[in-house]
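Some notes on the structure that comes next.
Every number in this text was worked out from the coordinates using simple rules, so none of it is lab data. These numbers were taken from a predicted model, which means no experiment stands behind them. FYI the Cβ positions are ideal-geometry reconstructions off the backbone, even for glycines, and counts take in every protein chain you see.
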Amino acid sequence: MPRCFLPLLCVLLLVGCATSKPRFETAGVNLGMTPQAAASEGDKARAQEVLWGGVIVAGSNLADATQLEILAYPLDDRQRPDTARRPLGRFLAVAAGYLETADYAQGRLITIRGTVRETVIGRIGEASYTYPVVDIADRQLWQPEASSRGVQPRVNFGFGVMIGR
């Protein structure tokens, strides 16, 4: 009986160690285009397909769409924004229809794949800012990751010694 558990244990360990495949296909995506570059290039960036992610700064529901202002960060190997790295500028992401802004709230991480539509002039406080506007084709709203400090692991392994009489 114990012999059949060994292969099962090996399979479970391998599955647990497997890395997940990135969510978005990158064929046709201009991976070198950043929000800062798109803002400075203006019309040259128009119609470029991009894969950008970052932290949602603000969201608003328009008449027939939802607009998210996002502070962009480089993406990690899972295509999740890496906020430990230097920001890449801001952009506006527009989704057709209604998105619940309580779900797409300030501080949430998001990755989008879409097409640069245009650049618009907006404001950050008192400063003027050029935003690239991206029409969202696909999106991933990321769940918050627990901080490593003060969080108990979900799986525990232990060894014990039983001393009998």
Compute the distance in nm between two label points, each set 7 Å from the Cα along the Cα-to-Cβ direction, one at LEU31 and one at ARG78.
-> 1.9 nm
With the 8 Å Cα cutoff and a minimum separation of six or more residues, region 31-141 has a relative contact order in percent of 30 percent
Would you mind counting up the charge near GLY125? Only other residues with Cβ under 15 Å from its Cβ, with Lys and Arg at +1 and Asp and Glu at -1.
-> 0
Rounded to one decimal in nm, the spacing of the 7 Å Cα→Cβ label points at ASP138 and ALA63 is 3.1 nm
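Given R₀ = 30 Å, what would the calculated FRET efficiency be for GLU126 paired with ASP103, taking r from the Cβ atoms and rounding to 0.05? List each step's numbers first, then the result.
Details: r = 30 Å, r/R0 = 1.02.
Here the calculated transfer efficiency is 0.50.
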